[in-house]
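What follows is a set of notes on a single structure, which appears directly below.
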């Protein structure tokens with residue numbers, strides 16, 4: 001058994017934390033009254049505080065018994081637990097109300113989405129499992145067309161999968177519109193580079209389409225969805241397409257021959273991810289940003305706009321750009337590949353070293369709190385700002401803050417963009433909240449507020465196009481050739 005905490009619908013915190021905060025706040029208020037009404041309450045303060053504490057403890061106990069703070073869940077039974085149609089209808093209604101009432105839906109057709117929700121109720125069957133229900137309703141969330149809005153499996157089911165779930169055993173990637181195997185398999189004779197034609201009777205085209213319709217991304221573009229498929233195919237295939245124990249694979253080898261092989265599913269901890277956690281998988285070891293300075297150019301890798309514990313971003317940049325000036329380095333490559341976004345203030349800080357005048361970042365159309373916190377403050381050019389040539393390498397992961405960085409870079413003509421279309425553009429929705437569906441306990445991460453850059457002439461519904469588009473091929477990937485970096489060096493004349 002596992003006790004799973006409930007998420008508050010009021011604030012993006014656990015209900016037990018919210019209750020504790022209210023208790024502490026009210027207790028401090030009570031203590032303040034004791035000080036103000038010292039003479040009036042003399043001799044009564046201990047009794048009043050004891051009554052207050054007892055009241056809170058009894059209330060907490062009643063709320064605990066009512067399941068307000070959470071519930072005990074049988075983790076072992078999570079995979080095969082069946083839900084009544086009434087329970088699933090209740091969860092879908094909860095999901096619909098949240099999306100339709102709280103999400104800005106700036107990329108979605110509200111009326112069509114409402115109609116699609118209405119049609120989905122009739123498709124709910126008695127006795128569906130969590131995974132069956134998830135596969136039914138998740139395309140609705142993908143149709144919100146918001147990269148921050150993701151529905152993902154319950155904590156219990158995720159825990160249940162540890163050491164138990166069996167995934168497609170060979171790593172697969174997406175290159176353009178084709179699926180390729182990235183590793184050799186001595187048992188079946190499959191070699192790295194083999195092109196998948198079908199898995200368990202589903203063609204590669206059908207598999208790709210199914211995955212795209214289940215992965216959240218901003219607007220009408222598919223860049224972020226395709227990036228996720230290329231990096232996390234096995235995880236997404238398990239959730240949305242096929243979690244069988246055995247796979248019949250039709251593939252084409254390097255000689256062009258079509259061959260069939262049978263593979264057994266295997267557990268792999270690298271594949272046990274959910275739709276939201278995969279956005280942070282590559283950063284777990286803390287490699288958020290790094291710099292390399294060569295004789296005639298510098299390379300700045302920003303894998304995510306998040307602060308490292310050991311070296312904060314601001315002093316990291318100060319030291320880096322000071323060194324560039326001292327060494328008279330005039331050519332810089334900024335590599336944003338794999339960067340899903342993060343802290344907008346870190347994006348603004350890096351851009352302050354690339355601009356030569358004060359520049360607006362976000363528009364003024366943000367609530368008072370965001371303006372108070374400095375979101376709408378302009379970017380002021382930094383001391384030791386870089387005045388040489390800059391190349392920015394992009395890919396489909398770039399959405400949210402990362403896409404904002406690319407959009408600002410493109411609009412202000414700060415250098416040359418090399419790579420592929422970004423996953424987002426100059427506008428996205430965030431200020432996200434988290435909630436848990438009442439019965440299945442599927443988890444929802446969803447946005448509530450639009451953030452728009454002060455730019456013009458860029459596309460809203462798909463990502464930023466690079467100045468120079470580069471495409472991977474399977475041989476480059478297998479041989480670990482970095483064609484995007486090579487092309488960037490060519491642009492700089494290196």
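Nothing in this text is a laboratory measurement; each read-out follows from the coordinates by a stated rule. As the structure is a prediction and not an experimental result, all values here were calculated from the model. Glycine gets a Cβ as well: all are built from the backbone with ideal geometry, and neighbour counts include every protein chain shown.
Site pair residue 292 and residue 60 shows an inter-label distance of 5.3 nm when each label is modelled 7 Å from Cα along Cα→Cβ. Between residue 44 and residue 242, what FRET efficiency comes out of the Förster formula 1/(1 + (r/R0)^6) with R0 = 56 Å and r the beta carbon distance, rounded to 0.05? Rounded to the nearest 0.05, the efficiency is 0.25. Taking the Cα centroid of the range 400-456 and of the range 220-240, what is the distance between the two, rounded to the nearest whole Å? If you average the Cα positions of each part, the centres end up 17 Å apart. A Stokes-Einstein calculation at 4 °C with viscosity 1.567 mPa s, built on the Kirkwood radius of the range 172-271 over Cα pairs, returns a diffusion coefficient of 93 µm²/s. Legend: calculated FRET efficiency, residue 449 to residue 356, from the Cβ-Cβ distance at R0 = 45 Å, rounded to 0.05, equals 0.90.
Please give the contour-minus-distance gain from residue 371 to residue 101: 0.36 nm per residue of separation, less the Cα-Cα distance, rounded to one decimal in nm.
Working: separation 270, 0.36 × 270 = 97.20 nm, distance 2.37 nm.
Contour length minus Cα-Cα distance gives 94.8 nm.
Antiparallel beta bridges, as assigned by DSSP with both residues in the range 172-271, represent about 100 percent of the total such bridges.
Rounded to the nearest 500, the helix-only mean residue ellipticity at 222 nm of the chain stands at -11000 deg cm²/dmol, with each DSSP H run of n ≥ 4 adding -39,500 (n - 2.57). Centre-to-centre separation between the Cα atoms of the range 328-344 and those of the range 154-191: 30 Å. Each residue, residue 252 and residue 314, gets one label point 7 Å from its Cα in the Cβ direction; the gap between the two is 5.5 nm. The calculated FRET efficiency for the pair residue 125 and residue 164, based on their C-beta separation and a Förster distance of 22 Å, comes to about 0.30.
Only beta bridges with both residues in the chain are counted; by DSSP, about 75 percent of them are antiparallel. Once the Cα-Cα distance is subtracted from the 0.36 nm per residue extended length, the residue 51 to residue 323 segment shows a gain of 91.6 nm. Available extension along the chain between residue 480 and residue 132 is 121.5 nm, counting 0.36 nm per residue and deducting the alpha carbon span. Under the shape rule built on the C-alpha gyration tensor, where the axes satisfy a ≥ b ≥ c, the chain is oblate, since a/c reaches at least 1.5 while a/b does not exceed b/c. Taking the inverse of the mean 1/r over every pair of distinct Cα atoms in the range 342-494 gives a Kirkwood hydrodynamic radius of 17.2 Å. Structural descriptor for the chain: relative contact order 16 percent, calculated from alpha carbon pairs under 8 angstrom and at least 6 residues apart.
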